[in-house]
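> Please find one structure pasted underneath; my questions will follow.
The values are calculated or read from the model by the stated rules, or taken from the named source; none is laboratory data. Keep in mind the model is a prediction, meaning the values are calculated, not measured. No Cβ is skipped: glycine too gets one built from the backbone with ideal geometry, and neighbour counts run over all protein chains shown.
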Amino acid sequence: MFDTGPLSHFAKAGWLGALKAVAGNSRAVIPDAVVAELETGSRTDPRLQTILDADWIEHYVLTTDAEVRAFTRFSSALASGKRNRGEAAVLALAETLPGVAVIDDAAGRKAAQAHGIPLRPTLTLLCDAIREGLLTLPLVSALADDMLATKYRLPFKPGGFETWANENNMFGS
């Protein structure tokens, strides 16, 4: 289950295909709140339309009582107006389907951890892909630099992915 932020910046950086490779045969799902955020964003940035048009990303409407209750619970904790509705929907979906939430926002990550929802932040997902041989270190380094160029907040400066990953033991021993 993907949140708007990671998807948006993969698309803006031109790396949505790499994310498809990482997802592989796993079900890639975006809840209706993320679809709405992407539709709004695509009016000013047409690159976001590529996410909405991707045939490997399933659009999912939260409809069951359990999904709606979970969304309401996460919304009350995270959302402010229309802000963070995507994270709330991703968490609700990951909890009820179940699945893995791909969220980078600190509040969303904290809520996932507090509720025992499996979480894979973008950088962890990319490091997993390197370990599994799906992507290479040079490719992910270039991808990270391109995401930084789209103003995505990552914990390093351009050229710093490998150093960050090694310092945080992201490739294991």
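> Is it the case that some residue within segment 48-65 is farther than 15 Å from residue 122 by Cα, hydrophobic (A, V, I, L, M, F, W, C) and free of Cβ contacts under 8 Å to residues at least 24 places away in the same chain?
yes
> Being among the hydroxyl-bearing types (Ser, Thr, Tyr), closer than 18 Å to residue 9 by Cβ and without any contact (Cβ under 8 Å) to a residue 60 or more places away in the chain is the filter here, so list the residues in segment 81-126 that pass it.
Within segment 81-126, just 124 meets the criteria.
> Is it the case that residue 22 is out of contact with any strand residue (DSSP E or B) (no Cβ under 8 Å at 6 or more places or on another chain) and either closer than 23 Å to residue 149 by Cβ or not small (Gly, Ala, Ser) (or both)?
Yes; evaluated as a whole, the condition is true for this residue.
> Something else now. So which of 132, 167 is of a type outside the set (Gly, Ala, Ser) and either farther than 24 Å from residue 1 by Cβ or at pLDDT 95 or above (or both)? It would help to see each step written out before you state the result.
Details: 132 fails: either farther than 24 Å from residue 1 by Cβ or at pLDDT 95 or above (or both).
Being of a type outside the set (Gly, Ala, Ser) and either farther than 24 Å from residue 1 by Cβ or at pLDDT 95 or above (or both) holds for just one of 132, 167, which is 167.
> Would you point out which residue out of 11, 36 is in contact (Cβ under 8 Å) with a residue 24 or more places away in the chain and touching a Ser or Thr at 6+ places or on another chain (Cβ under 6 Å)?
Just a single option satisfies the conditions, and that option is 11.
> Can I ask one more? Please tell me if residue 81 is within 21 Å of residue 38 (Cβ to Cβ), in the same structural domain as residue 38 (by TED's automatic domain parsing) and exposed (fewer than 14 other Cβ atoms within 10 Å of the Cβ).
Yes: the conditions hold for residue 81.
> Within segment 62-72, does at least one residue satisfy the condition of being among the polar types (S, T, N, Q) and under 21 Å from residue 153 (Cβ atoms)?
Looking through segment 62-72, none of the residues is among the polar types (S, T, N, Q) and under 21 Å from residue 153 (Cβ atoms).
> Please go through segment 108-134 and give me each residue that is surrounded by fewer than 15 Cβ atoms within 10 Å (Cβ to Cβ) and touching a strand residue (DSSP E or B) at 6+ places or on another chain (Cβ under 8 Å), ordered by number.
113, 118 - these are the residues of segment 108-134 that are surrounded by fewer than 15 Cβ atoms within 10 Å (Cβ to Cβ) and touching a strand residue (DSSP E or B) at 6+ places or on another chain (Cβ under 8 Å).
> Would you confirm, using the coordinates I've provided, whether residue 160 is farther than 18 Å from residue 21 by Cβ, surrounded by fewer than 18 Cβ atoms within 10 Å (Cβ to Cβ) and outside the structural domain of residue 16 (by TED's automatic domain parsing)?
Considered against the rule, which asks whether it is farther than 18 Å from residue 21 by Cβ, surrounded by fewer than 18 Cβ atoms within 10 Å (Cβ to Cβ) and outside the structural domain of residue 16 (by TED's automatic domain parsing), residue 160 comes out as yes.
> Checking residue 40 against (1) among the polar types (S, T, N, Q); (2) at pLDDT 95 or above; (3) closer than 25 Å to residue 133 by Cα, which test does it fail?
Unmet condition: (3).
> Return yes or no: is residue 14 in contact with an Asp or Glu (Cβ under 9 Å, 6 or more places away or on another chain) and at pLDDT 95 or above?
When the stated conditions are applied, residue 14 passes them.
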